[in-house]
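The values are calculated or read from the model by the stated rules, or taken from the named source; none is laboratory data. These figures come from a predicted structure and were not determined experimentally. For neighbour counting, all protein chains shown are included, and Cβ atoms are generated from backbone atoms with ideal geometry for every residue, glycine included.
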Amino acid sequence: MRELDLVIIGGGPAGLSAAKIAAESGLNSLIIERDYKVGGQLVKQTHMFFGSEKQYAKTRGIDIAKILVNDVLAYPDKVEIMTETTVVGLYKDNVLTLLQKEKYIKIKAKAIIIATGASEKFLAFENNDLPGIYGAGAVQTLMNVHGVLPSEEVVMVGSGNIGLIVSYQLIQAGVKVKAVLEAAPTIGGYKVHASKLKRLGVDILTSTSVKRAEGKDTLEKIIIAKLDKNWDYIPGTEEEIIVDALCISVGLSPLTSLLSMVEADMKFVNYLGGLVPVINHQHETSIKNIFVAGDVCGVEEASSAIVEGYFSGLIVAERLGYKHPNHEELYQDFEAQLENLRSGPFGEKTRLGLKELRGENNAE
Amino acid sequence: MRIKNHPILEFKKQSTINFTFDGKSVEGVSGDTIASALHNLGIRKLSHSIKDKRARGFYCAIGNCASCNMIVDGVPNVRTCVVLLEEGMAVETQENKGVLYERT
Ligand SMILES: Cc1cc2nc3c(=O)[nH]c(=O)nc-3n(C[C@H](O)[C@H](O)[C@H](O)COP(=O)(O)OP(=O)(O)OC[C@H]3O[C@@H](n4cnc5c(N)ncnc54)[C@H](O)[C@@H]3O)c2cc1C
Ligand code: FES
């Protein structure tokens, strides 16, 4: 069995950033990525990012992905990347089972950083499994990475930032967005994104959701209805929309199944997207030498995923005897960047979530 | 359906990749995943549920939900949304859970 120093699971912004700092410190790492390419969620984001310059604000997601990938490719002797390889098993003695095509491979690592990100939530309604009903991120991949349109017309469910941004990008790609549905009485995402859509004539219907989908083998129409303040459908408000594509954007939940395999302590924290690992300030889980970074330990943004990646890379390098020459300085810098990213009104959910996770119970 | 004009992205003309879907010869382009090539051809039903045989298309495109599982070159349960299309691939709709087999 091959034995390595550091194995990073997931080659998104968090995983790539962890590998970069580890390499800078002199520590070798192996990044394992399920997709055929690294970059994670960023590879499909054509919009410019918010945040501060250190996390590449005002740069398009796709370009940030290139920067992060090149940062890692600059260390060919220190960072190895395995794509089209999924980690399917994790054991308490730090053994991992990888599935590569039809082959299972076992490896062992002194330390592991889990950076598997998050996946889009499903929404419960009748016939929600029909082809033509997609996660919003999936449609974004289809059109922005592969240049294939989902259909000529779509309806979006969810008016959070992802729903609004993907709606806008659908229009850019030439698709008609017939409506954006929002179950809550108010729009969830930033005003700038919502205004852009409204200017283009897209209706954002609040207190409204999809009740049922219909179609044979593929989506043909949806039935929408108004919701009361308890989010129950109001009888008699049903309306039919003829549409063959529906995008669901109702939040993300952390991909934590590997953590459950090693029975790491977990906690359900709604503000962070659901079940998340309990971690200390060093991003280490309850299992020694298993660390987490990025959306897997709380759904946030690429900017914080990058900094968490750097931070955990720094900590692991020191743990394994490869202290970064600027360790103290970077440690403080990364901590300050994270705090800064989470300050202000938009960081409130994360702040409350982290408090709850750490048991500092003035949370709500 | 492929994007023709885009204000930000440029989709250069890619070389054609020939493959088969349920025995029929079809085409995709270089850079396609199996699922994106099929979607472009208007094929949205990639799989079906095991018990009730309800139609399934792709949902997550990150290899997580298994809703796009197909048989590729005889191998079942391939997540077609994260596997690149290759020349000559035989892609088939999977009828069951996937059969364990031995390569000769
Ligand atoms: C539409 C949209 C708009 C967004 N806009 C912004 C924005 O404006 N600003 C911002 O800062 N953020 C934004 N984000 C959020 C940002 O993209 C994510 O927070 C960020 O990508 C999280 O990084 P990550 O590395 O934790 O996870 P991911 O990017 O999800 O990467 C995880 C990687 O792990 C791989 N993986 C998972 N499981 C396994 C396994 N078992 N084995 C091997 N590999 C595995 C996955 O394939 C993936 O490549 C947006 C997201 C979306 C979808
Ligand atoms: S669409 Fe979810 S695994 Fe492929």
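State which residue is surrounded by the fewest Cβ atoms within 10 Å (Cβ to Cβ) when the search covers only region A:115-145 and only residues that are charged (D, E, K, R) and more than 23 Å from A:Val87 (Cβ to Cβ). Outline the logic, then answer.
Keep residues of region A:115-145 that are charged (D, E, K, R), which gives A:120-121, A:126, A:129.
Imposing the further condition that a residue be more than 23 Å from A:Val87 (Cβ to Cβ) reduces the set to A:126, A:129.
Values: A:Glu126: 12, A:Asp129: 17.
By that ranking, first place goes to A:Glu126.
Rundown of residues vs (1) among the basic types (Lys, Arg); (2) within 9 Å of another protein chain (Cβ to nearest Cβ); (3) in a helix (DSSP H, G or I), yes/no style:
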site: B:Gly31; (1), (2), (3): no, yes, no
site: B:Ala37; (1), (2), (3): no, yes, yes
site: B:Arg44; (1), (2), (3): yes, yes, no
site: B:Val99; (1), (2), (3): no, no, no
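Of all residues in region A:317-345, count the ones that are without any contact (Cβ under 8 Å) to a residue 24 or more places away in the chain and closer than 23 Å to A:Phe49 by Cβ.
6
Within region A:94-112, is there a residue that is away from every other protein chain (no Cβ under 14 Å) and within 21 Å of the chain's Cα centre (by Cα)?
Within region A:94-112 (the criterion being away from every other protein chain (no Cβ under 14 Å) and within 21 Å of the chain's Cα centre (by Cα)), the answer is yes, since at least one residue qualifies.
If I go through region A:256-282 residue by residue, how many of them are of a type in the set (A, V, I, L, M, F, W, C), in contact (Cβ under 8 Å) with a residue 40 or more places away in the chain and part of a loop (DSSP other than H, G, I, E, B)?
So the first thing to find is which residues in region A:256-282 are of a type in the set (A, V, I, L, M, F, W, C), and the list is A:258-259, A:261-262, A:264, A:266, A:268-269, A:272, A:275-276, A:278-279.
From what's left, in contact (Cβ under 8 Å) with a residue 40 or more places away in the chain: A:258-259, A:261-262, A:269, A:272, A:276, A:278-279.
Next cut, part of a loop (DSSP other than H, G, I, E, B) only: A:262, A:278-279.
So the answer is 3.
Given the conditions (1) in a loop (DSSP other than H, G, I, E, B); (2) among the aromatic types (Phe, Trp, Tyr); (3) more than 11 Å from chain A (Cβ to nearest Cβ), and given that B:Tyr59 satisfies all but one, which numbered condition is not satisfied?
(3)
Name every residue in region A:52-76 that is surrounded by fewer than 20 Cβ atoms within 10 Å (Cβ to Cβ) and assigned to a loop (DSSP other than H, G, I, E, B), in order of residue number.
A:Ser52, A:Ala57, A:Lys58, A:Thr59, A:Ala74, A:Tyr75, A:Pro76
For region A:18-38, check the following and say yes or no: at least one residue is closer than 19 Å to A:Ile67 by Cα, among the hydrophobic types (A, V, I, L, M, F, W, C), within 16 Å of ligand 2 (Cβ to nearest atom) and not in a strand (DSSP E or B).
No, region A:18-38 has no match at all.
Based on what the data block shows, is A:Val243 within 14 Å of chain B (Cβ to nearest Cβ), under 30 Å from A:Thr208 (Cα atoms) and away from ligand 2 (no atom under 16 Å from the Cβ)?
Yes; evaluated as a whole, the condition is true for this residue.
Give me a count of the residues in region B:50-74 that are within 16 Å of ligand 2 (Cβ to nearest atom) and farther than 23 Å from A:Leu99 by Cβ.
Looking only at region B:50-74, we keep the residues that are within 16 Å of ligand 2 (Cβ to nearest atom), and these are B:50, B:54-72.
Checking the rest, the ones that are also farther than 23 Å from A:Leu99 by Cβ come to B:54-55, B:57.
Of the residues in region B:50-74, 3 are within 16 Å of ligand 2 (Cβ to nearest atom) and farther than 23 Å from A:Leu99 by Cβ.
Going through region A:198-238 one residue at a time, which ones are surrounded by 19 or more Cβ atoms within 10 Å (Cβ to Cβ), more than 19 Å from A:Ser151 (Cα to Cα) and either modelled with pLDDT under 95 or in contact with a helix residue (DSSP H, G or I) (Cβ under 9 Å, 6 or more places away or on another chain) (or both)?
A:Ile204, the sole residue that qualifies.
Would you check if A:Ser260 is within 16 Å of ligand 2 (Cβ to nearest atom) and under 29 Å from A:Asn128 (Cα atoms)?
Working: within 16 Å of ligand 2 (Cβ to nearest atom): no; under 29 Å from A:Asn128 (Cα atoms): yes.
No: the conditions fail for A:Ser260.
Scanning region A:89-112 for residues that are touching a Phe, Trp or Tyr at 6+ places or on another chain (Cβ under 8 Å) and not polar (S, T, N, Q), which turns out surrounded by the most Cβ atoms within 10 Å (Cβ to Cβ)? Walk me through how you get there before you give the answer.
So the first thing to find is which residues in region A:89-112 are touching a Phe, Trp or Tyr at 6+ places or on another chain (Cβ under 8 Å), and the list is A:97-98, A:111-112.
Still in the running and not polar (S, T, N, Q): A:98, A:111-112.
Details: A:Leu98: 19, A:Ala111: 24, A:Ile112: 26.
That would be A:Ile112.
Only residues that are in contact with a helix residue (DSSP H, G or I) (Cβ under 7 Å, 6 or more places away or on another chain), more than 8 Å from ligand 1 (Cβ to nearest atom) and either at pLDDT 95 or above or of a type in the set (S, T, N, Q) (or both): list them for region A:24-51, please.
Matches in region A:24-51: A:Ser25, A:Leu27, A:Ser29, A:Ile31, A:Thr46.
Return the only residue of A:Ser286, A:Ser253 being part of a loop (DSSP other than H, G, I, E, B) and of a type in the set (Ser, Thr, Tyr).
Selected residue: A:Ser286, the only one of A:Ser286, A:Ser253 that is part of a loop (DSSP other than H, G, I, E, B) and of a type in the set (Ser, Thr, Tyr).
Given (1) at pLDDT 95 or above; (2) assigned to a helix (DSSP H, G or I); (3) surrounded by fewer than 20 Cβ atoms within 10 Å (Cβ to Cβ), identify the lone condition not met by A:Phe346.
(1)
Considering only region A:123-144, state which residues are touching a residue at least 40 places away in the same chain (Cβ under 8 Å), more than 8 Å from chain B (Cβ to nearest Cβ) and either among the hydroxyl-bearing types (Ser, Thr, Tyr) or in a loop (DSSP other than H, G, I, E, B) (or both).
A:Leu123, A:Phe125, A:Asn127, A:Asn128
Collect the residues in region B:2-29 that are within 7 Å of chain A (Cβ to nearest Cβ) and not in a loop (DSSP other than H, G, I, E, B), keeping them in residue-number order.
B:Arg2
Pick from region A:147-172 the residues that are buried (at least 24 other Cβ atoms within 10 Å of the Cβ) and assigned to a loop (DSSP other than H, G, I, E, B): which of them is nearest to the other protein chains (Cβ to nearest Cβ)?
Ranking the candidates gives A:Gly158 first.
Checking B:Ser49 against (1) touching a Gly at 6+ places or on another chain (Cβ under 8 Å); (2) surrounded by fewer than 16 Cβ atoms within 10 Å (Cβ to Cβ), only one condition comes out false. Which one?
Unmet condition: (1).
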